[in-house]
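Q: Please read through the structure below; I'll follow up with questions.
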Amino acid sequence: MLDISHENPVGVDIEQIKEIPDLISNTHQLFHTEQLNLISLLPPIEQTQAFFNLWTLKEAYLKATGKGWSG
């Protein structure tokens, strides 16, 4: 990761990609139904990667906007 900022603080999160048993039913509270439907259409081997891609995007947005998960 490389990030250069002269004005704003920079934060980095590292997420370990690991299998999530019964991914869709165990993560339904984290995403909109449409997002889960798109993930569920992928081959099982791609679902975990898609989940973590979406998860990190959501987490970064909420942290950047200062809203947190309640936002």
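Residue by residue, here is whether (1) without any contact (Cβ under 8 Å) to a residue 60 or more places away in the chain; (2) in contact with a Leu (Cβ under 7 Å, 6 or more places away or on another chain); (3) not hydrophobic (A, V, I, L, M, F, W, C) holds:
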| position | (1), (2), (3) |
| --- | --- |
| PRO9 | yes, no, yes |
| ASP22 | yes, no, yes |
| ILE45 | yes, no, no |
| ALA50 | yes, yes, no |
| LEU57 | yes, no, no |
| GLY66 | yes, no, yes |
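Q: Do you know which of the residues in the stretch 21-71 that are closer than 18 Å to GLY11 by Cα and assigned to a loop (DSSP other than H, G, I, E, B) is modelled with the lowest pLDDT?
A: Checked the stretch 21-71; the qualifying residue modelled with the lowest pLDDT is TRP69.
The values are calculated or read from the model by the stated rules, or taken from the named source; none is laboratory data. Bear in mind that the values here come from a model prediction, so they are computed numbers and not experimental data. Here the Cβ is made from the backbone with ideal geometry for all residues, glycine too, and neighbour counts use every protein chain on show.
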